[in-house]
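The values are calculated or read from the model by the stated rules, or taken from the named source; none is laboratory data. Computed from a predicted model, the values in this text were never measured in an experiment. Every residue, glycine as well, gets a Cβ built from its backbone with ideal geometry; the counts of neighbours run over all protein chains shown.
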Amino acid sequence: MLIFSKDIGERDHKHAREADNPALREYMEYQRKLFPYTVIRAGLDLAYKELDDVLNYIDNDHQKPEGSMRDDYPSDIPDWYRQQFPWSGSFMEMEDMHSLLVMLIKAMDSFRTYEKGNTFHWTVLYDATRNIVKVYNELLSADPTHARDIQLSQGVEVNFEDFVNNYWPHLEFMILSKPDFAHTRLMERVLQVEDFVKERMADGEAPLVALEQARKQYDLDPATLSLLRRDKISPDQAALETFPLKESPFESLAQTIGDDSPFTGLSLVDAEYEKNFQLSQQAPA
(Lines give C-alpha, C1' and ligand atoms only; values in the text may rest on other atoms or scores of the structure.)
Protein backbone atom coordinates (compact mmCIF):
# COMPACT_ATOMS: atom_id res chain seq x y z
CA MET A 1 0.00 0.00 0.00
CA LEU A 2 1.30 3.43 -0.87
CA ILE A 3 2.00 5.78 2.02
CA PHE A 4 0.11 9.06 1.75
CA SER A 5 -0.07 11.86 4.32
CA LYS A 6 -3.13 10.14 5.76
CA ASP A 7 -4.30 6.55 5.58
CA ILE A 8 -6.22 6.25 2.30
CA GLY A 9 -7.95 3.18 3.68
CA GLU A 10 -9.56 5.20 6.50
CA ARG A 11 -13.04 6.45 5.52
CA ASP A 12 -14.89 7.00 8.78
CA HIS A 13 -12.72 9.42 10.74
CA LYS A 14 -14.62 11.57 13.24
CA HIS A 15 -13.14 14.96 14.08
CA ALA A 16 -13.03 15.85 17.78
CA ARG A 17 -14.55 19.30 17.17
CA GLU A 18 -17.16 18.55 14.54
CA ALA A 19 -20.02 18.14 17.02
CA ASP A 20 -19.58 21.80 18.02
CA ASN A 21 -19.02 23.22 14.53
CA PRO A 22 -21.71 22.55 11.90
CA ALA A 23 -19.52 23.72 9.01
CA LEU A 24 -16.64 21.48 10.11
CA ARG A 25 -19.09 18.59 10.53
CA GLU A 26 -20.31 19.13 6.96
CA TYR A 27 -16.71 19.12 5.73
CA MET A 28 -15.98 15.88 7.57
CA GLU A 29 -19.21 14.31 6.31
CA TYR A 30 -17.99 15.09 2.80
CA GLN A 31 -14.64 13.41 3.62
CA ARG A 32 -16.48 10.32 4.82
CA LYS A 33 -18.31 10.11 1.50
CA LEU A 34 -15.05 9.79 -0.41
CA PHE A 35 -13.35 6.51 -1.28
CA PRO A 36 -9.70 7.66 -1.22
CA TYR A 37 -8.18 4.29 -2.12
CA THR A 38 -10.51 4.00 -5.11
CA VAL A 39 -9.72 7.55 -6.26
CA ILE A 40 -6.01 6.72 -6.43
CA ARG A 41 -6.40 3.20 -7.82
CA ALA A 42 -8.88 4.22 -10.52
CA GLY A 43 -6.65 7.14 -11.49
CA LEU A 44 -3.68 4.82 -11.96
CA ASP A 45 -5.83 2.41 -13.98
CA LEU A 46 -7.02 5.14 -16.33
CA ALA A 47 -3.54 6.61 -16.76
CA TYR A 48 -2.03 3.18 -17.46
CA LYS A 49 -4.72 2.27 -20.02
CA GLU A 50 -4.39 5.59 -21.85
CA LEU A 51 -0.60 5.46 -21.99
CA ASP A 52 -0.43 1.75 -22.77
CA ASP A 53 -2.84 2.19 -25.69
CA VAL A 54 -0.74 4.96 -27.20
CA LEU A 55 2.58 3.15 -26.70
CA ASN A 56 1.15 0.04 -28.39
CA TYR A 57 -0.03 2.26 -31.25
CA ILE A 58 3.49 3.70 -31.61
CA ASP A 59 5.05 0.23 -31.52
CA ASN A 60 2.63 -0.88 -34.25
CA ASP A 61 3.94 1.78 -36.66
CA HIS A 62 1.15 4.22 -35.75
CA GLN A 63 -1.53 1.75 -36.78
CA LYS A 64 -4.34 0.43 -34.63
CA PRO A 65 -3.06 -2.78 -32.99
CA GLU A 66 -4.98 -5.96 -33.67
CA GLY A 67 -7.54 -6.60 -30.97
CA SER A 68 -7.45 -3.03 -29.68
CA MET A 69 -10.76 -1.71 -28.33
CA ARG A 70 -9.69 1.86 -29.02
CA ASP A 71 -10.57 3.61 -32.29
CA ASP A 72 -9.36 7.13 -31.64
CA TYR A 73 -5.62 7.80 -31.37
CA PRO A 74 -3.99 11.25 -31.03
CA SER A 75 -2.56 12.71 -34.23
CA ASP A 76 0.09 14.64 -32.30
CA ILE A 77 1.30 12.24 -29.62
CA PRO A 78 3.85 14.55 -27.92
CA ASP A 79 1.17 17.23 -27.57
CA TRP A 80 -1.36 14.65 -26.31
CA TYR A 81 1.16 13.48 -23.72
CA ARG A 82 1.80 17.02 -22.47
CA GLN A 83 -1.92 17.79 -22.32
CA GLN A 84 -2.91 14.52 -20.66
CA PHE A 85 -0.05 14.49 -18.17
CA PRO A 86 0.98 18.14 -17.78
CA TRP A 87 3.31 17.60 -14.81
CA SER A 88 4.72 14.12 -15.25
CA GLY A 89 4.83 14.61 -19.02
CA SER A 90 7.07 17.65 -18.53
CA PHE A 91 9.62 15.73 -16.50
CA MET A 92 9.79 12.18 -17.88
CA GLU A 93 9.48 10.17 -21.07
CA MET A 94 6.38 8.10 -21.77
CA GLU A 95 8.19 4.78 -21.32
CA ASP A 96 9.53 5.84 -17.91
CA MET A 97 6.13 6.97 -16.74
CA HIS A 98 4.60 3.73 -18.01
CA SER A 99 7.05 1.80 -15.83
CA LEU A 100 6.23 3.96 -12.81
CA LEU A 101 2.51 3.39 -13.34
CA VAL A 102 3.03 -0.38 -13.34
CA MET A 103 5.05 -0.11 -10.13
CA LEU A 104 2.47 2.13 -8.42
CA ILE A 105 -0.42 -0.16 -9.37
CA LYS A 106 1.42 -3.17 -7.92
CA ALA A 107 2.08 -1.23 -4.73
CA MET A 108 -1.57 -0.26 -4.41
CA ASP A 109 -2.59 -3.90 -4.86
CA SER A 110 -0.21 -5.14 -2.16
CA PHE A 111 -1.57 -5.20 1.39
CA ARG A 112 1.48 -6.94 2.87
CA THR A 113 3.83 -3.94 2.89
CA TYR A 114 3.86 -0.16 2.91
CA GLU A 115 5.55 1.59 -0.01
CA LYS A 116 7.00 5.10 0.14
CA GLY A 117 7.27 7.13 -3.05
CA ASN A 118 9.48 10.04 -4.05
CA THR A 119 8.94 13.17 -6.12
CA PHE A 120 8.78 11.23 -9.40
CA HIS A 121 5.97 9.08 -8.02
CA TRP A 122 4.05 12.03 -6.53
CA THR A 123 4.15 13.79 -9.88
CA VAL A 124 2.64 10.80 -11.68
CA LEU A 125 0.04 10.32 -8.94
CA TYR A 126 -0.95 13.98 -9.17
CA ASP A 127 -1.73 13.80 -12.90
CA ALA A 128 -3.42 10.40 -12.66
CA THR A 129 -5.67 11.55 -9.81
CA ARG A 130 -6.54 14.84 -11.48
CA ASN A 131 -7.60 13.02 -14.67
CA ILE A 132 -9.87 10.46 -12.98
CA VAL A 133 -11.48 13.11 -10.78
CA LYS A 134 -12.27 15.20 -13.85
CA VAL A 135 -13.85 12.19 -15.60
CA TYR A 136 -15.84 11.20 -12.53
CA ASN A 137 -17.15 14.68 -11.75
CA GLU A 138 -18.27 15.14 -15.35
CA LEU A 139 -20.05 11.78 -15.29
CA LEU A 140 -21.83 12.66 -12.06
CA SER A 141 -23.39 15.64 -13.82
CA ALA A 142 -23.99 14.14 -17.26
CA ASP A 143 -24.40 10.39 -16.69
CA PRO A 144 -24.76 9.37 -13.01
CA THR A 145 -25.36 5.72 -13.95
CA HIS A 146 -21.92 5.41 -15.55
CA ALA A 147 -20.39 7.41 -12.70
CA ARG A 148 -21.41 4.53 -10.43
CA ASP A 149 -19.19 2.25 -12.52
CA ILE A 150 -16.21 4.23 -11.17
CA GLN A 151 -17.75 5.26 -7.83
CA LEU A 152 -15.06 7.42 -6.29
CA SER A 153 -17.53 8.60 -3.67
CA GLN A 154 -21.02 8.23 -2.30
CA GLY A 155 -22.48 10.36 -5.06
CA VAL A 156 -20.58 13.60 -4.40
CA GLU A 157 -18.08 15.33 -6.64
CA VAL A 158 -14.47 14.97 -5.55
CA ASN A 159 -12.76 18.26 -4.77
CA PHE A 160 -9.35 17.58 -6.34
CA GLU A 161 -7.54 20.47 -4.67
CA ASP A 162 -8.82 19.52 -1.23
CA PHE A 163 -7.98 15.86 -1.90
CA VAL A 164 -4.37 16.74 -2.71
CA ASN A 165 -4.18 19.06 0.30
CA ASN A 166 -5.20 16.17 2.54
CA TYR A 167 -3.16 13.32 1.06
CA TRP A 168 0.01 14.63 -0.66
CA PRO A 169 3.11 15.10 1.53
CA HIS A 170 4.61 17.81 -0.67
CA LEU A 171 4.48 19.42 -4.12
CA GLU A 172 8.20 19.81 -4.73
CA PHE A 173 7.74 19.08 -8.43
CA MET A 174 6.04 22.49 -8.67
CA ILE A 175 9.15 24.41 -7.57
CA LEU A 176 9.77 27.26 -10.06
CA SER A 177 6.57 26.37 -11.95
CA LYS A 178 3.06 27.81 -11.91
CA PRO A 179 0.59 25.55 -10.05
CA ASP A 180 -2.81 24.64 -11.51
CA PHE A 181 -4.50 25.07 -8.13
CA ALA A 182 -3.70 27.22 -5.12
CA HIS A 183 -2.76 24.33 -2.77
CA THR A 184 -2.06 27.10 -0.27
CA ARG A 185 -0.63 25.06 2.60
CA LEU A 186 1.51 22.76 0.48
CA MET A 187 2.68 25.63 -1.72
CA GLU A 188 3.85 27.68 1.28
CA ARG A 189 7.05 25.63 1.51
CA VAL A 190 7.43 25.61 -2.27
CA LEU A 191 7.33 29.40 -2.30
CA GLN A 192 9.92 29.57 0.48
CA VAL A 193 12.23 27.38 -1.59
CA GLU A 194 11.62 29.53 -4.67
CA ASP A 195 12.43 32.74 -2.77
CA PHE A 196 15.62 31.14 -1.45
CA VAL A 197 16.66 30.08 -4.98
CA LYS A 198 15.83 33.48 -6.50
CA GLU A 199 17.85 35.28 -3.82
CA ARG A 200 20.87 33.07 -4.51
CA MET A 201 20.50 33.61 -8.25
CA ALA A 202 20.30 37.37 -7.69
CA ASP A 203 23.63 37.05 -5.88
CA GLY A 204 25.12 35.44 -8.97
CA GLU A 205 24.66 31.74 -8.25
CA ALA A 206 23.81 29.46 -11.20
CA PRO A 207 20.24 28.04 -10.98
CA LEU A 208 21.38 24.45 -10.38
CA VAL A 209 23.83 25.55 -7.70
CA ALA A 210 21.06 27.56 -6.01
CA LEU A 211 18.75 24.55 -6.15
CA GLU A 212 21.41 22.33 -4.58
CA GLN A 213 21.75 24.83 -1.74
CA ALA A 214 17.96 24.82 -1.35
CA ARG A 215 17.98 21.03 -1.17
CA LYS A 216 20.21 21.18 1.89
CA GLN A 217 18.42 24.14 3.47
CA TYR A 218 14.91 22.71 3.12
CA ASP A 219 15.67 18.97 3.21
CA LEU A 220 14.11 18.38 -0.19
CA ASP A 221 13.25 14.88 -1.35
CA PRO A 222 16.46 13.36 -2.80
CA ALA A 223 14.70 12.84 -6.15
CA THR A 224 13.45 16.43 -6.46
CA LEU A 225 16.54 17.98 -8.00
CA SER A 226 16.90 15.11 -10.43
CA LEU A 227 13.31 15.63 -11.55
CA LEU A 228 13.66 19.41 -11.81
CA ARG A 229 16.83 18.95 -13.89
CA ARG A 230 14.82 16.56 -16.08
CA ASP A 231 17.39 13.83 -15.58
CA LYS A 232 16.44 10.41 -16.86
CA ILE A 233 15.01 8.52 -13.91
CA SER A 234 17.48 6.01 -12.51
CA PRO A 235 16.48 2.51 -11.32
CA ASP A 236 16.94 3.44 -7.66
CA GLN A 237 14.77 6.55 -8.10
CA ALA A 238 12.09 4.52 -9.86
CA ALA A 239 11.95 2.05 -6.99
CA LEU A 240 9.57 2.47 -4.07
CA GLU A 241 10.94 2.22 -0.54
CA THR A 242 9.38 -0.76 1.25
CA PHE A 243 8.41 -1.03 4.92
CA PRO A 244 6.85 -4.01 6.72
CA LEU A 245 3.17 -3.73 7.51
CA LYS A 246 3.83 -3.86 11.27
CA GLU A 247 5.63 -0.50 11.04
CA SER A 248 2.56 1.69 10.56
CA PRO A 249 3.50 5.10 9.13
CA PHE A 250 0.32 6.66 10.52
CA GLU A 251 0.81 6.17 14.27
CA SER A 252 2.24 9.68 14.68
CA LEU A 253 -1.03 11.18 13.43
CA ALA A 254 -2.65 10.19 16.73
CA GLN A 255 -0.22 12.33 18.73
CA THR A 256 -1.78 15.23 20.64
CA ILE A 257 -0.75 18.80 19.89
CA GLY A 258 0.63 20.70 22.88
CA ASP A 259 0.09 24.25 24.11
CA ASP A 260 0.48 27.51 22.18
CA SER A 261 -1.44 26.30 19.15
CA PRO A 262 -4.96 26.95 17.82
CA PHE A 263 -5.19 23.15 17.71
CA THR A 264 -4.06 22.42 21.26
CA GLY A 265 -5.48 19.11 22.45
CA LEU A 266 -6.28 17.86 18.96
CA SER A 267 -4.58 14.92 17.33
CA LEU A 268 -2.27 15.72 14.43
CA VAL A 269 -4.73 14.20 11.97
CA ASP A 270 -7.59 16.34 13.31
CA ALA A 271 -5.40 19.43 13.08
CA GLU A 272 -4.57 18.61 9.47
CA TYR A 273 -8.22 18.17 8.58
CA GLU A 274 -9.13 21.40 10.33
CA LYS A 275 -6.44 23.41 8.54
CA ASN A 276 -7.70 22.15 5.20
CA PHE A 277 -11.29 22.78 6.27
CA GLN A 278 -10.34 26.40 6.96
CA LEU A 279 -8.84 26.64 3.49
CA SER A 280 -12.02 25.24 1.98
CA GLN A 281 -13.99 27.99 3.74
CA GLN A 282 -11.80 30.62 2.12
CA ALA A 283 -12.13 29.18 -1.39
CA PRO A 284 -14.45 31.06 -3.79
CA ALA A 285 -17.84 29.46 -4.30
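Screening the range 183-206 for residues that are of a type outside the set (S, T, N, Q) and in contact (Cβ under 8 Å) with a residue 24 or more places away in the chain and picking the one that is farthest from Gln31 (Cα to Cα) gives Val193. Out of (1) free of Cβ contacts under 8 Å to residues at least 24 places away in the same chain; (2) exposed (fewer than 10 other Cβ atoms within 10 Å of the Cβ); (3) among the acidic types (Asp, Glu), the odd one out for Glu212 is which? For Glu212, the exception is condition (2). All of Val135, Val156 fail the test of being assigned to a loop (DSSP other than H, G, I, E, B), farther than 30 Å from Tyr218 by Cα and either among the polar types (S, T, N, Q) or touching a residue at least 24 places away in the same chain (Cβ under 8 Å) (or both), apart from Val156.
Within the range 230-285, take every residue that is among the polar types (S, T, N, Q) and touching a Phe, Trp or Tyr at 6+ places or on another chain (Cβ under 9 Å) and give me the one that is surrounded by the most Cβ atoms within 10 Å (Cβ to Cβ).
Asn276
For the range 227-273, a residue qualifies if it is under 21 Å from Leu125 (Cβ atoms), in contact (Cβ under 8 Å) with a residue 12 or more places away in the chain and assigned to a helix (DSSP H, G or I), and the qualifying residues are Leu227, Leu228, Gln237, Ala238, Leu253, Val269, Glu272, Tyr273.
Taken as a whole, the condition of being at pLDDT 95 or above, among the hydrophobic types (A, V, I, L, M, F, W, C) and surrounded by 13 or more Cβ atoms within 10 Å (Cβ to Cβ) applies to Val197.
Residues to consider are Gly89, Gly43; find the one that is touching a Ser or Thr at 6+ places or on another chain (Cβ under 7 Å) and surrounded by 19 or more Cβ atoms within 10 Å (Cβ to Cβ). So that I can check it myself, show each step before the final result.
On the way: Gly89 fails: touching a Ser or Thr at 6+ places or on another chain (Cβ under 7 Å).
So the residue among Gly89, Gly43 that is touching a Ser or Thr at 6+ places or on another chain (Cβ under 7 Å) and surrounded by 19 or more Cβ atoms within 10 Å (Cβ to Cβ) is Gly43.
Within the range 171-190, being exposed (fewer than 13 other Cβ atoms within 10 Å of the Cβ) and assigned to a helix (DSSP H, G or I) holds for one residue alone: Glu188. Scanning the range 94-132 for residues that are of a type in the set (S, T, N, Q) and in a loop (DSSP other than H, G, I, E, B), we see that the one that is surrounded by the most Cβ atoms within 10 Å (Cβ to Cβ) is Asn118.
Among the residues making up the range 58-111, those that are among the aromatic types (Phe, Trp, Tyr) and under 24 Å from Glu241 (Cβ atoms) are Phe85, Trp87, Phe91, Phe111. Take the residues of the range 203-229 that are over 17 Å from Glu188 (Cα atoms) and among the acidic types (Asp, Glu): which is farthest from the chain's Cα centre (by Cα)? My answer is Asp203. Identify the residue in the range 6-30 that is of a type outside the set (D, E, K, R) and in a loop (DSSP other than H, G, I, E, B) and, among all such residues, is farthest from Glu274 (Cα to Cα). Per the criteria, the residue is Gly9.
Considering (1) within 29 Å of Ser5 (Cβ to Cβ); (2) free of Cβ contacts under 8 Å to residues at least 12 places away in the same chain; (3) of a type in the set (A, V, I, L, M), the lone condition that Met94 does not fulfil carries the number (2). Within the range 68-82, is there a residue that is among the hydrophobic types (A, V, I, L, M, F, W, C), in contact (Cβ under 8 Å) with a residue 60 or more places away in the chain and surrounded by fewer than 20 Cβ atoms within 10 Å (Cβ to Cβ)? The answer is no, given that none of the residues of the range 68-82 is among the hydrophobic types (A, V, I, L, M, F, W, C), in contact (Cβ under 8 Å) with a residue 60 or more places away in the chain and surrounded by fewer than 20 Cβ atoms within 10 Å (Cβ to Cβ).
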